[in-house]
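One structure is given here, and the rest of the page talks about it.
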Amino acid sequence: KLDKQKIALPSKPIESNHIHYTWLFGGYPEPILSEDEKFIQLWLEHYRGTYVDRDVAKFFPKLNRHAYQRFLSILGKLSGTIINKSEVARSVEIDEKTVREYINIAAGTFLWRILPSFEKNIIKAVVKMPKGYMRDSGLLHYLLKIHSIDELYEHPIVGSSFETFVIEELLKGLSSTLVTNWQAYYYRTRNGAEIDLILDGPFGLMPIEIKYGIKTNLKQLKTLTSFVKDHNIPFGVIINQAQEVEWLNEHVIQIPVGYI
């Protein structure tokens, strides 16, 4: 089980400018290793074209490529949400069955992560529909035509984008360990209370809330604190862009994103 006294973290966090760069341009090796923004945008353009025209076309030869490209552009705008398939169908001019197929293709080719609802809540009624994310933040920002960190902070998707970035970093990190038999969920009650990520595994339950700001106020801890109490677990985690690791109350610890 998780223990409050055994939280091991690096001695120094990654600097914010490096975090912003990785968040903006994503995790594909070529973009993240380049310092030339024109090259990055060109690489992502070629990646999208190659992905649709070669990789997806190879495995799904009957796929309408133009409709699938439009679908991907819309999917980027919906990253971090519960997908309304009927609205997507109308926008792309396809039927809902095709939307479901396209979502499964995007998930099966590692562009899209489907995060199921945590349905083991012992007290409150929960939303049972899955949530979805564009797995690479660089590709997400390319699809949304976001080219700088300033543009990102001014964009309505900034919170969902940061959430996506952190979730993928956490899940990639957990996948690289020897821990097995774990699952990732999100949590939302019928009353609108939400937790971005619930990890459930041999280590127990770990609820994680993700905020792109530097400071998290006490009101934002309400759902996380209630979840910790209701499920009788040691603590929950807030990940944000603060500088210090600290306990925000007796049930919630703040861990800056630079430590993950």
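The values are calculated or read from the model by the stated rules, or taken from the named source; none is laboratory data. Just so it is clear, the structure is predicted and the values come from calculations on it, not from any experiment. Cβ: placed from backbone, ideal geometry, glycine included. Neighbour counts: every protein chain shown. Please note that ligands, DNA and RNA were not included when accessible areas were found on the heavy atoms of the full protein model with its side chains. Shrake-Rupley method; radii C 1.70, N 1.55, O 1.52, S 1.80 Å.
At the residue level, Tyr102 shows approximately 10 square angstrom of accessible surface with a 1.4 angstrom probe and all protein chains present.
With +1 on each Lys and Arg Cβ and -1 on each Asp and Glu Cβ, how big is the dipole of the stretch 105-243 about its Cα centre, in debye rounded to the nearest 20?
On the way: 15 positive and 13 negative charges, 99 e Å.
Approximately 480 debye in magnitude.
In the chain, the DSSP-assigned H stretches of four residues or longer account for a calculated mean residue ellipticity at 222 nm of -11500 deg cm²/dmol, using -39500 (n - 2.57) per stretch and the full residue count as denominator. Here the 3J(HN,Hα) profile of the stretch 176-190, calculated from phi with Karplus coefficients 6.51, -1.76 and 1.60 at θ = phi - 60°, is 7, 8, 8, 6, 10, 6, 10, 9, 10, 9, 10, 9, 8, 8, 5 Hz, Gly and Pro shown as x.
What net charge do the residues around Lys124 carry, taking every other residue with its C-beta under 15 Å from that of Lys124, with Lys and Arg at +1 and Asp and Glu at -1? Provide the component values of the computation, followed by the final result.
Working: positive: Lys120, Lys128, Arg188, Arg190, Lys222, Lys229; negative: Glu119, Glu194, Asp230.
Charge balance in the 15 Å sphere: +3.
With the simple model of a label 7 Å out from the Cα in the direction of the Cβ, Asn181 to Leu42 spans 5.1 nm. Label the stretch 155-260 by shape, choosing from rounded, prolate and oblate, from the square roots a ≥ b ≥ c of the eigenvalues of the Cα gyration tensor; if a/c is under 1.5 it is rounded, and otherwise prolate applies when a/b is larger than b/c, oblate when it is not. Since a/c stays below 1.5, the shape of the stretch 155-260 is classed as rounded.
By the scheme Lys and Arg +1, Asp and Glu -1, what is the net charge of all other residues having a beta-carbon under 15 Å from that of Lys38? The partial results should precede the final answer.
Numbers: positive: Lys145; negative: Glu30, Glu35, Asp36, Glu37, Glu45.
Once positives and negatives cancel, what remains is -4.
Computed from phi, the 3J(HN,Hα) profile of the stretch 249-260 under the Karplus parametrisation 6.51, -1.76, 1.60 (θ = phi - 60°) reads 7, 6, 10, 10, 10, 8, 10, x, 4, x, 8, 9 Hz, with x in place of Gly and Pro. Note on Lys124: accessible area approximately 80 square angstrom, rounded to 10, probe 1.4 Å, nucleic acids and ligands left out.
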